[in-house]
Amino acid sequence: MKDPVEDQVKSRSALQKPKDHRRRDRRRRSQCKQEKLQETGLDTQLVSSACKSLVFPARPGYGQLGTKCLVKANHFLADISASDLSHYNVKITPEVTSRKTSKAIIAELVRLHRNTDLGMRLPVYDGGRNLYTAGLLPFAFKEFTILLSKDDEGTGSTREKEFEVVIKFAARVSMHQLRELLSGKQVDTPQEALTVIDIVLRELATQSYVSIGRFLYSPNLRKPQQLGGGLESWRGFYQSIRPTQMGLSLNIDMSSMAFIEPLPVIDFVAQILGKDVLSKPLSDADRVKIKKALRGVKVEVTHRGSFRRKYRITGLTSQPTRELSFPVDEKMNMKSVVDYFQEMYGYTIIYSHLPCLQVGSQKKVNYLPMEACKIVGGQRYTKGLNEKQITSLLKVSCQRPREQETDILQTIHETDYEYNPYAKEFGISIDSKLASVEARVLPAPWLKYHETGREKEYLPQVGQWNMMNKKVINGSTVRYWACINFSRSIQESIARGFCQQLVQMCQISGMEFSLDPVIPIYSARPDLVKKALKYVHSAVLDKLSGKELELLIAILPDNNGSLYGDLKRICETDLGLISQCCLTKHVFKINRQYLANVALKINVKMGGRNTVLLDALSWRIPLVSDIPTIIFGADVTHPESGEDPCPSIAAVVASQDWPEVTKYAGLVCAQPHREELIQDLFKCWKNPHHGIVYGGMIRELLLSFKKATGQKPLRIIFYRDGVSEGQFYQVLLHELDAIRKACASLEPSYQPPVTFVVVQKRHHTRLFSNNHDDRNSTDKSGNILPGTVVDSKICHPTEFDFYLCSHAGIQGTSRPAHYHVLWDENNFTADEIQSLTNNLCYTYARCTRSVSVVPPAYYAHLAAYRARFYMEPNVHEIAKARGGRSKDESVRPLPALKEKVKNVMFYC
């Protein structure tokens, strides 16, 4: 099929002429930046001092493009005292490992000595080694003796314990640098000053809320909602102080978290197992499930009236209570648990068929009957939630923008900073109104579809459109395809009918697609996935005399366990097959919108293009259309907390077409557990036969770009997802250096200018319409309009960042993406990078919607998620058996992607 790009006859040089002067300026600034980069020693050795000399680019001005509007942000202006603060070191003896206990000791010290030794000062304490005051204490060094009543969670006893506390002056915490930053001077962020203010504003709340990181939860904010399985959701809020253009800002956002319901243990067990446990004995599988759920949970006894001693569960007995006995003296005289409770407490154990809870240490185990224990409230659930619980939690936490805004204002009102004694002591006041911010709504880009469709060009409305009357701009060809049905509930005739409808939809969408599969639909058992795939692969090879299968359609059960991952691993790393999986529920209930979306996915997996920006085809995208430009996306996904020893997965994708920038090839690699820096961007090693050999993901993608386009990229735009603010310098130093080295490995003088942009979704800024009743300023869900961009007031005081809500809301409150430009040798203006990012969001291949994150970053996330299935099934178990691995230990590499797979968008 003819590529529409061939029909473009506009002269690129003609379009470039008016911009020559600007380009020369850009190049001059770019050269200065490259010299500066070499001065930091990036090309030779990465040193921590480089962090100090590396300065993120200053904001080049504000964007002007788009329709101006006002939005509200969940930021509250904070006013602080100008005077410096004092920092003291705290040492508690004997050493305390629990922050809760440390805080209780210092709280007792303040209660006893505030009016005397502390000179009326009200300090704040971080629970570790740091104590801060609003002025100097009357001493530089002092020792205190504090008596504290403390619960022993092993024995359940309460006893008084004596602690020695030494408070010693450490330093003054200067507010000067913070004032400089807020006035717009380019200085390092004064992290210590911000940390102190954060501690001050949290101090009172932590006394009545459950504190988890920067979040504070309480059952009193809203009635806890049951999630099933003995869990409930608590409402809470996130709180963080941030330097912004309007001054210091307190960012408040709502949150929900799963907590263990404070139920009698027997009721909790019945909920976990989903059955009555009062009459029937437990199976071994039940016992394992209970032990896993209860280990580490704190309970209180209920058989001693008002005396509620607390214990932490360490295990579960393998025998029922009625068979348990223990030695009562040194002569090893035994007594049964049933008799002991009867004689000691006059308590008759009713459910003696149930096991006992084990509390205390391995040396001295205590037995507690389940029926005599109740779970202590306020315990966060740290293990994985099942699908039903996740759905329930999302339902509870999903709020429309109007409700979310109301809850945030309610939280500010209830937190009442005006009368907070700690805020008063440190001279901090918080505005009670949401920040009003100037924003702009960027225009949607025109999209180009195929000339044979009724609608050849289309302007999306409010971030969404459909494929009616349109054909994909470059339809792929599928001649040889097959279908495997792994679902027992789908008969062959239904599977055949579904495949026919899917093929028709692909044809309507503009693809060339053979009507019939190469071999009849093959039915297989889910546990024999490898055998089924190899059979179909070889059967097609035989029938086509050596020609290979191009596409496999797989029908899977709705709940398919490891089947999906196994199928993708075998297809993509063993057989070199492109596959499209469809769930049983979609096969039974055929929906045209679903078929249209699947057709879009198949087209890009087979090497086609769905749509292209009209500006790309007419060479009108600033800093993309003028010279060959490659756009990268990169992400690292880490294992969930339950999979602790598993490796992290890094993925890098890169555009393989220019000027269209819509096709992205992807590469993946495993790296040490929780390692955020991408290790395999560039590699070089000595080969005994070939000398020094170069490799790595950047190099490979640059080479494949040249192979696909016939040109080497003369500009690099790199969107990096998933980096927290604390890692900005580290990631930039390591990954920019890798990009440089990858380029130089192709040609020593090859150093295309790089723009490095971090994409963040895990932040807590929310934007609301200035008037929720104004239908012109919101989408159907009540959220701000797609294309809304903010680069003032709530953004960084000096650096080049912006918030962009590029998508239409579906449910809940939209979260804008936060883009932070960490390096920019291409000298983008604010309008150029903002409109490029927004326009790219309309080119996402898997649906006809503008997406919330720039597609290369989204694709990298999808590729990294896919690669987790490539780890052999027993890798998790081996890693766990080893008890984790150190970061330096080598990670087993992922099986390599087949050539046929890695050059197309297989991860879609």
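The values are calculated or read from the model by the stated rules, or taken from the named source; none is laboratory data. Note that the coordinates shown come from a computational prediction; the quantities given were computed from them, not determined experimentally. Cβ coordinates were reconstructed from backbone atoms using ideal geometry, including for glycine residues, and neighbour counts include every protein chain displayed. Keep in mind that these areas ignore ligands, DNA and RNA; they rest on the heavy atoms of the full protein, side chains included. Shrake-Rupley method; radii C 1.70, N 1.55, O 1.52, S 1.80 Å.
Data table
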quantity: Hits in the stretch 792-803 (condition: in contact with an Asp or Glu (Cβ under 9 Å, 6 or more places away or on another chain) and not in a loop (DSSP other than H, G, I, E, B)); calculated: Asp801, Phe802, Tyr803
quantity: Test: Ala285 is free of Cβ contacts under 8 Å to residues at least 12 places away in the same chain, under 22 Å from Lys388 (Cα atoms) and in contact with an Asp or Glu (Cβ under 7 Å, 6 or more places away or on another chain); calculated: no
quantity: Test: residue in the stretch 432-449 that is open to solvent by 10 Å² or more (accessible area, probe 1.4 Å), of a type outside the set (Ser, Thr, Tyr) and in contact with a Phe, Trp or Tyr (Cβ under 6 Å, 6 or more places away or on another chain); calculated: yes
quantity: In the stretch 206-249, residue nearest to the chain's Cα centre (by Cα) [restricted to those that are among the charged types (D, E, K, R) and open to solvent by 50 Å² or more (accessible area, probe 1.4 Å)]; calculated: Arg214
quantity: Qualifying residue in the stretch 806-816 (condition: touching a helix residue (DSSP H, G or I) at 6+ places or on another chain (Cβ under 7 Å), under 23 Å from Leu182 (Cβ atoms) and at pLDDT 95 or above); calculated: no
quantity: Selection from the stretch 579-588 of residues that are in contact with a helix residue (DSSP H, G or I) (Cβ under 9 Å, 6 or more places away or on another chain) and open to solvent by 10 Å² or more (accessible area, probe 1.4 Å); calculated: Cys581, His586, Phe588
quantity: Filtered residues of the stretch 716-735 (kept if open to solvent by less than 10 Å² (accessible area, probe 1.4 Å) and outside any helix (DSSP H, G or I)); calculated: Ile716, Ile717, Phe718, Tyr719, Arg720, Val723
quantity: Odd one out for Val166, checked against (1) outside any strand (DSSP E or B); (2) open to solvent by less than 60 Å² (accessible area, probe 1.4 Å); calculated: (1)
quantity: Residue within the stretch 90-98 that is in contact (Cβ under 8 Å) with a residue 24 or more places away in the chain and under 29 Å from Ser429 (Cα atoms) present; calculated: yes
quantity: Failed item in (1) under 30 Å from Glu660 (Cα atoms); (2) open to solvent by 30 Å² or more (accessible area, probe 1.4 Å); (3) over 31 Å from the mean Cα position of the chain (by Cα), with Leu544 passing the rest; calculated: (1)
quantity: Number of positions in the stretch 711-734 that are closer than 18 Å to Tyr664 by Cβ and modelled with pLDDT of 95 or more; calculated: 10
quantity: Yes/no for Leu178 being under 30 Å from Thr411 (Cα atoms) and assigned to a strand (DSSP E or B); calculated: no
quantity: When residues of the stretch 736-775 are limited to those that are among the hydroxyl-bearing types (Ser, Thr, Tyr) and assigned to a loop (DSSP other than H, G, I, E, B), the one surrounded by the fewest Cβ atoms within 10 Å (Cβ to Cβ); calculated: Ser749
quantity: Pick from the stretch 250-277, criterion farther than 23 Å from Val396 by Cβ and part of a strand (DSSP E or B), ranking: most open to solvent (accessible area, probe 1.4 Å); calculated: Pro264
quantity: Matching entry among Asn826, Asn839 (being within 30 Å of Gly607 (Cβ to Cβ), assigned to a helix (DSSP H, G or I) and in contact with a strand residue (DSSP E or B) (Cβ under 6 Å, 6 or more places away or on another chain)); calculated: Asn839
quantity: Selection status of Phe682, within 30 Å of Ser240 (Cα to Cα) and of a type in the set (A, V, I, L, M, F, W, C); calculated: no
quantity: Odd one out for Ala857, checked against (1) open to solvent by 10 Å² or more (accessible area, probe 1.4 Å); (2) of a type in the set (Gly, Ala, Ser); (3) assigned to a helix (DSSP H, G or I); calculated: (1)
quantity: Scope the stretch 318-347; condition in contact with a Ser or Thr (Cβ under 9 Å, 6 or more places away or on another chain) and of a type in the set (D, E, K, R); matching residues; calculated: Arg322, Glu323, Lys335, Asp339
quantity: Top-ranked residue of the stretch 80-132 - restricted to ones that are among the basic types (Lys, Arg) and assigned to a loop (DSSP other than H, G, I, E, B), ranked as nearest to Ile212 (Cα to Cα); calculated: Arg129
quantity: Residues of the stretch 295-308 satisfying the condition of being over 16 Å from Val365 (Cβ atoms) and of a type in the set (Lys, Arg); calculated: Lys298, Arg304, Arg308
quantity: First in the stretch 553-577 and within 19 Å of Ile519 (Cβ to Cβ) and assigned by the TED database to the domain that holds Cys483, second anywhere and in a loop (DSSP other than H, G, I, E, B) and open to solvent by 40 Å² or more (accessible area, probe 1.4 Å), Cβ under 6 Å, 6 or more apart; calculated: Gly576/Lys898
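Residue-wise test of (1) modelled with pLDDT under 95; (2) surrounded by 14 or more Cβ atoms within 10 Å (Cβ to Cβ); (3) under 27 Å from the mean Cα position of the chain (by Cα).
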{"residue": "Ala539", "(1), (2), (3)": "no, yes, no"}
{"residue": "Leu556", "(1), (2), (3)": "no, yes, no"}
{"residue": "Asn559", "(1), (2), (3)": "yes, no, yes"}
{"residue": "Arg569", "(1), (2), (3)": "no, yes, yes"}
{"residue": "Gly576", "(1), (2), (3)": "no, yes, no"}
{"residue": "Ile590", "(1), (2), (3)": "yes, yes, no"}
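Each row is one residue, and each column tells you yes or no for (1) open to solvent by 10 Å² or more (accessible area, probe 1.4 Å); (2) at pLDDT 95 or above; (3) in contact with a Phe, Trp or Tyr (Cβ under 8 Å, 6 or more places away or on another chain).
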site: Leu385; (1), (2), (3): yes, no, no
site: Lys388; (1), (2), (3): yes, no, no
site: Leu393; (1), (2), (3): yes, yes, no
site: Gln404; (1), (2), (3): yes, yes, yes
site: Glu414; (1), (2), (3): yes, no, no
site: Glu418; (1), (2), (3): yes, no, no
site: Pro421; (1), (2), (3): yes, yes, no
site: Lys424; (1), (2), (3): yes, yes, no
site: Gly427; (1), (2), (3): yes, yes, no
